[in-house]
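Peer 1: Here's a structure for you.
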Amino acid sequence: MVLTAKATAEFISVGCNRITQAAAWGIDGLVAFGTHHAVALYYPQDPQCRGIVATLPGHTGRVNCVEFINRGNELDQTNVAIVSGSADKTVKIWKLAKGRKWVNSATLTGHTGGIDAIGCMRAPSIAGEPDLLATGSGDGTIRVWERRVVDDETDEVTCVQVIQCGVKYPLSLAISYLPGSNVPILASGTTDKHITIYISQRDPSSSPSVAQFVRSLALQGHDNWVRSLAFATYTPPPRGTYHAPSPNPHHTMREGDLLLASASQDKYIRLWRVAVQGGTAEEGRKKAEASGGFTKDMLEALEESVLLGESVQLSTKAHVVDVDIASENESQKKQRYNIMFEALLMGHDDWVFSVGWQKPMLVQGQDGVKRYHQPMALVSASSDKSMMIWRPDTETGVWLNQVRVGEIGGTLGFYGGLFGPDGRFILAHGYNGAFHLWKNIGTDEDGNDWQPQVTTSGHFKDVQSLSWDPMHQYLVSVSLDQTARLFAPWEHTATDGRPATTWHEIGRPQIHGYDIQCIAFVNRWEYVSGADEKVIRVFDAPKTFVENLSNISGLSDLVGEGEKRPLGANLPALGLSNKAVFEGEAESMANSEVDYLRGQSYAPAPSLLADHLTHPPFEEYLLQHSLWPEVEKLYGHGYEIISVGASHDGKLVASACKAALPEHAIIRLFETSKWKELPNPLASHSLTVTQTKFSHDDRFLLSVSRDRLWSLFERVLGDDANPYKLVAQNKSHARIIWDCSWSHDGKLFATGSRDKTVKIWSQTGETSSAWSCLATIKLSEAVTAVDLAPFLIHGGQVIYMILFGMACKIACIE
C-alpha cells in the first residue's frame, strides 16, 4: 500500500544568477531574484531571518531579469505581480492567488532571443488596467505589452508593439510618465552606448487611434554599454527637513521633473532631466542650455578624468521635443519638453552594473503634515566590489558619494544593488551568487552608519551531492560552482523578541578548482569528497568551526571538542589543497614582521581565525576564513571521481570514477585508519558506477551504474584484504540508474533511474543473494535522486518513507 505524505519547506538555499538585472526589491519588502531556471522569493527584513520562503519553477532557461508590476497612487502603491524574463525566450508573470499560493498567470512569447531586460511603470501615480511593461531581447527587439486581469489565477497579456532596434541590442529598460501627463516615456540602454528615448503617441491615421512608442531622440555621453536605467519624479521636501532644497541659485529642479539615472560600463553614472518647457522650440532650447551650464561636479569630473588620462564627454545640450497631450475635453494639444544632461557621478573604479532610486516615503514638514516625497538618493553597484549611495549636497546641489560599502578581495564585484522599501536597508548580489545586506543604524534620518546583516546564501550552480554528519546536526553540499557549503541551524532571539531557529550557511570547507561531484562523511568531523579530478580529498574540521557551531547552534556538548584541532586553514596561491594553520603558527604570523600570508589565495588573518561567532558569518568570512584543512589525498582512479561512500562505522570509504570499460568501472575501497587502499577492488560493472551506498549495519554495499545494473556486495568477516564479495545483481531498469538508498533496517533498498521509475527491492528467502522487486513507482520524469528515511514512522501501521527527486526539479514523498 502506497501512501502520500505532505511536507513543508524548512529551509531553501540557492544563489542568485550571475547577471545584472536578476533581482528586484518590491515596495512590500519582498525580494524576487532569478536562480537557475526559477524565481526565488525572500524577505530580507524578516525579524526571524528565515531566508527564502518559496521558489517559482517554470522557465526552461536561466532567469536573466526580474521586476515587479506596481499599481496605485503614491504611498498606496502595491506590488500586484512579478515579471521574469529568461534565456528560454519567454517572459512569465507570477501573482499571488487564493490561499497565498503563487501562480504563473501568463506566459509571454514572441521573442526569438533570450530576454535581457524588463521595464515596468514607475511613477508617483500608476493607473490601473492595463498594466504597461516592456521587454528587451537578444533578437534586437523591444516588445511592449499590456496586461489585464482575467481572474484570480489568469492574466491576459497582449503585445501591442514591436520596436526594432537594428544591430544594437537592448540591455536595460525603464518606463515612466512625462511630467504633468499620463503619456508614457520609455528609455532603452543599448550596446551602441546611447540611451534611446521613445514617447507614446497616438497615430491619427489609424481608426481607432492607437498609441505607439515613437523614437524621439538618443542621449549620447556614455562610452560603453548602458547596463541599467531608472526613473524617478522629483518632489521637493517640506521646509524644515534635512531634505529641504538648497538656496543655491543654480538649483533648477522643479516639482514634477523626471530624472533618469543611467549606469554604464564606462564606470560613470549619468543623470538626465526631463522637464516641461514653455515657448517656442528655439526659446526652450536656449533657456534650458542657459540654466543648465557646466556645474561644479561636472567640471571637477572633467578635471579628474584629464589627470587620470581618461576620456569623458560633458554636454549640456538640451533636446527639445513636442508631444501630443490629451486635454480635459479629450482633444490633443502640443506640450514641449526638454531633456538634458543633469549630472555626472564619478567614483567607481570599474564597470557600473546597476543603479536604482530610493523608494518614496512620507516626510513631515514644519507644519506637522506628512507628505509624499521621492528622496534624491541613488544606489549604484559596480564590479569594483563596492556599492555607493549618492545624494545632492543640501547647500550646493552637487551630487556626492555619501556612503560606500563593499568587500575586500575574494570575489569579482557586484552585479546589482537595491534599496529596501524604507531606505534603511540596501542589498547587493555578486559574481558568486551571494547576497550582501547592510542596515543603516544611524541615530537620525541622515545617519550613515551602515552595518552588515545576516542574509541568505547558496550555490549558484547545480548541486551534485549532499551529506548529513553522522549526528544529523549539520549538512554539507557540493556543487558545480566548485564549493562545499556547510549549513546548520541558528538558535537566536529574533528582532521582534521571539526565540527563533533558522538555517544558514556557516562554513565553506572547500573552495576548489574543479567541479565537485560527491561527498560522504567518515565521522562527525571528517568527510571525503570527489571532483572532476583523479584524487579523493579528506577534510577535517578545525577548532574555529567546532566552536562556532557550538555558539551558533547552541550545542553545549561541543565545549572543549576542538582543543586539539588546527585553528583553521588557508589555500596557497595556485594550489588546490587547504593547508592547516595551528594556533602557534597564527600567533607567530601575527607577531612577525614577515608577511607569511603573502601569496595565499584565501589567507585568513590570524585574529579572524580565532574569532568566535555568535551569528551566521557574512560572505567575506565564508569565502576567506571558513576553510577546513585537507588531511589526506587518496589515489588510484584513472578518471574523474563520480561517487564516494563511507561505511557507518567509519572504517571504509568506497569510490568510483568515470568509466567506459569494465577495468575502470571498479569500486576501490580505502581503510580510514591509515588511509590506504585495499588490494582488491570490487568489480561487477561495465560502465560508470554512479552511486555506492552501505547499509546501516554495514553488512551490505550496494552499487548502481550506467550499465543499468545494480550490484550487491556482502561483508566477509575476518578477511581484511577482501571485506566484501558480490552476492547479487539485477538489470531490471531500462536506462541508467542514478541513485540508490537503504532502509534503516537493511530489509529494503530503492533504486531510481532515468527510465522514470523507482523500484523497491526486498530480500526473499534466507540467502543474501535472493532479492526481488517489491514495488515499482512510475513517474513522469527521470529520477535523479532517491533516499529512504533512516527511521520508521508509526501512524497506526508500520510504514517506510521515501523521498525522490526528478529531472523536473520537483521532489515527491511516498
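The values are calculated or read from the model by the stated rules, or taken from the named source; none is laboratory data. Bear in mind that the values here come from a model prediction, so they are computed numbers and not experimental data. Neighbour counts run over all protein chains shown; Cβ positions are idealised from the backbone, glycine included.
Peer 1: Only one of (1) outside any strand (DSSP E or B); (2) touching a Gly at 6+ places or on another chain (Cβ under 6 Å) is not met by LEU75, so which one is it?
Peer 2: Failed condition: (2).
Peer 1: Ok, one more. Out of everything in the range 741-772 that is surrounded by fewer than 14 Cβ atoms within 10 Å (Cβ to Cβ) and closer than 24 Å to ARG706 by Cα, what residue ends up being modelled with the highest pLDDT?
Peer 2: Per the stated criteria, the residue is SER772.
Peer 1: What do you reckon, is THR692 more than 23 Å from ASN523 (Cβ to Cβ), of a type in the set (Val, Ile, Thr) and surrounded by 18 or more Cβ atoms within 10 Å (Cβ to Cβ)? Outline the logic, then answer.
Peer 2: Values: more than 23 Å from ASN523 (Cβ to Cβ): no; of a type in the set (Val, Ile, Thr): yes; surrounded by 18 or more Cβ atoms within 10 Å (Cβ to Cβ): yes.
Against the criterion (more than 23 Å from ASN523 (Cβ to Cβ), of a type in the set (Val, Ile, Thr) and surrounded by 18 or more Cβ atoms within 10 Å (Cβ to Cβ)), THR692 does not qualify.
Peer 1: I'd like the full set of residues that are in contact with a Ser or Thr (Cβ under 6 Å, 6 or more places away or on another chain) and not in a loop (DSSP other than H, G, I, E, B), limited to the range 557-579.
Peer 2: Once the filter is applied, which keeps residues that are in contact with a Ser or Thr (Cβ under 6 Å, 6 or more places away or on another chain) and not in a loop (DSSP other than H, G, I, E, B), the range 557-579 yields LEU558, GLY568, LEU571.
Peer 1: How about the range 459-494: which of its residues are assigned to a loop (DSSP other than H, G, I, E, B), hydrophobic (A, V, I, L, M, F, W, C) and within 21 Å of the chain's Cα centre (by Cα)?
Peer 2: Taking the range 459-494 first, the residues assigned to a loop (DSSP other than H, G, I, E, B) are 459-462, 469-474, 480-482, 494.
Filter again for hydrophobic (A, V, I, L, M, F, W, C), leaving 460, 471, 480, 494.
Passing the criteria: PHE460, LEU480.
Peer 1: Looking at this structure, is THR241 touching a helix residue (DSSP H, G or I) at 6+ places or on another chain (Cβ under 7 Å) and modelled with pLDDT under 90?
Peer 2: Details: touching a helix residue (DSSP H, G or I) at 6+ places or on another chain (Cβ under 7 Å): no; modelled with pLDDT under 90: yes.
When the stated conditions are applied, THR241 does not pass them.
Peer 1: OK, next. Name the residues in the range 615-644 that are of a type in the set (S, T, N, Q) and at pLDDT 90 or above, would you?
Peer 2: From the range 615-644, those of a type in the set (S, T, N, Q) are 624, 626, 643; that's our starting set.
Listed by number, the residues that qualify are SER626, SER643.
Peer 1: Can you say whether ARG371 is of a type in the set (Lys, Arg), in the same structural domain as ARG273 (by TED's automatic domain parsing) and either modelled with pLDDT of 95 or more or under 23 Å from the mean Cα position of the chain (by Cα) (or both), as far as the supplied structure shows? First the steps, then the outcome.
Peer 2: On the way: of a type in the set (Lys, Arg): yes; in the same structural domain as ARG273 (by TED's automatic domain parsing): yes; either modelled with pLDDT of 95 or more or under 23 Å from the mean Cα position of the chain (by Cα) (or both): no.
Against the criterion (of a type in the set (Lys, Arg), in the same structural domain as ARG273 (by TED's automatic domain parsing) and either modelled with pLDDT of 95 or more or under 23 Å from the mean Cα position of the chain (by Cα) (or both)), ARG371 does not qualify.
Peer 1: Has the range 107-114 got at least one residue that is in contact (Cβ under 8 Å) with a residue 24 or more places away in the chain and crowded, with 23+ Cβ neighbours inside 10 Å?
Peer 2: Yes, there is a match, as at least one residue in the range 107-114 is in contact (Cβ under 8 Å) with a residue 24 or more places away in the chain and crowded, with 23+ Cβ neighbours inside 10 Å.
Peer 1: Those residues that are within 42 Å of the chain's Cα centre (by Cα) and either modelled with pLDDT under 95 or over 30 Å from ASP755 (Cα atoms) (or both), I need them from the range 707-732; list them, please.
Peer 2: Once the filter is applied, which keeps residues that are within 42 Å of the chain's Cα centre (by Cα) and either modelled with pLDDT under 95 or over 30 Å from ASP755 (Cα atoms) (or both), the range 707-732 yields LYS731, SER732.
Peer 1: Something else: Can you tell me which of VAL144, VAL162 is at pLDDT 95 or above, crowded, with 18+ Cβ neighbours inside 10 Å and either under 25 Å from the mean Cα position of the chain (by Cα) or assigned by TED's automatic domain parsing to the domain that holds GLY85 (or both)? Working first, answer last.
Peer 2: Numbers: VAL162 fails: crowded, with 18+ Cβ neighbours inside 10 Å.
Unique residue meeting the criteria: VAL144.
Peer 1: Which numbered condition trips up SER601, out of (1) modelled with pLDDT of 75 or more; (2) in a strand (DSSP E or B); (3) of a type outside the set (Val, Ile, Thr); (4) out of contact with any Asp or Glu (no Cβ under 8 Å at 6 or more places or on another chain)?
Peer 2: In the conditions (1) modelled with pLDDT of 75 or more; (2) in a strand (DSSP E or B); (3) of a type outside the set (Val, Ile, Thr); (4) out of contact with any Asp or Glu (no Cβ under 8 Å at 6 or more places or on another chain), SER601 misses (1) alone.
Peer 1: Let me ask something additional. Residue by residue through the range 99-115, note down the ones that are assigned to a loop (DSSP other than H, G, I, E, B) and among the β-branched types (Val, Ile, Thr). If you could, list the steps in order and put the result at the bottom.
Peer 2: Just the residues of the range 99-115 that are assigned to a loop (DSSP other than H, G, I, E, B), to begin with: 99-100, 109-114.
Within the range 99-115, THR109, THR112 qualify.
Peer 1: Something else about it: Which condition does ARG371 not pass, out of (1) of a type outside the set (Asp, Glu); (2) under 21 Å from TYR268 (Cα atoms); (3) surrounded by fewer than 20 Cβ atoms within 10 Å (Cβ to Cβ), if it passes all the others?
Peer 2: Evaluating ARG371 over (1) of a type outside the set (Asp, Glu); (2) under 21 Å from TYR268 (Cα atoms); (3) surrounded by fewer than 20 Cβ atoms within 10 Å (Cβ to Cβ) leaves (2) as the failure.
Peer 1: If you don't mind, there's one more thing I want to ask. For the range 791-812, state whether one or more residues are closer than 23 Å to LEU669 by Cβ and part of a strand (DSSP E or B). Steps first, please.
Peer 2: Within the range 791-812, the subset closer than 23 Å to LEU669 by Cβ is none.
No, the range 791-812 contains no residue that is closer than 23 Å to LEU669 by Cβ and part of a strand (DSSP E or B).
Peer 1: Let me ask something else about it. Which is assigned by TED's automatic domain parsing to the domain that holds THR394, of a type in the set (Gly, Ala, Ser), exposed (fewer than 15 other Cβ atoms within 10 Å of the Cβ) and at pLDDT below 95, of SER246, SER209?
Peer 2: Values: SER246 fails: exposed (fewer than 15 other Cβ atoms within 10 Å of the Cβ).
Exactly one of SER246, SER209 is assigned by TED's automatic domain parsing to the domain that holds THR394, of a type in the set (Gly, Ala, Ser), exposed (fewer than 15 other Cβ atoms within 10 Å of the Cβ) and at pLDDT below 95, namely SER209.
Peer 1: What are the pairs, 6+ residues apart or on separate chains, where a residue within the range 15-37 that is within 18 Å of PHE425 (Cα to Cα) has its Cβ under 8 Å from a residue that is in a loop (DSSP other than H, G, I, E, B) and hydroxyl-bearing (Ser, Thr, Tyr)?
Peer 2: Qualifying pairs under 8 Å: GLY29/TYR43; LEU30/TYR43; VAL31/TYR43.
Peer 1: Check GLY416 against each of (1) surrounded by 20 or more Cβ atoms within 10 Å (Cβ to Cβ); (2) part of a loop (DSSP other than H, G, I, E, B); (3) assigned by TED's automatic domain parsing to the domain that holds LEU344; (4) among the small types (Gly, Ala, Ser) and name the one condition it does not meet.
Peer 2: Only one criterion in (1) surrounded by 20 or more Cβ atoms within 10 Å (Cβ to Cβ); (2) part of a loop (DSSP other than H, G, I, E, B); (3) assigned by TED's automatic domain parsing to the domain that holds LEU344; (4) among the small types (Gly, Ala, Ser) is unmet by GLY416, namely (2).
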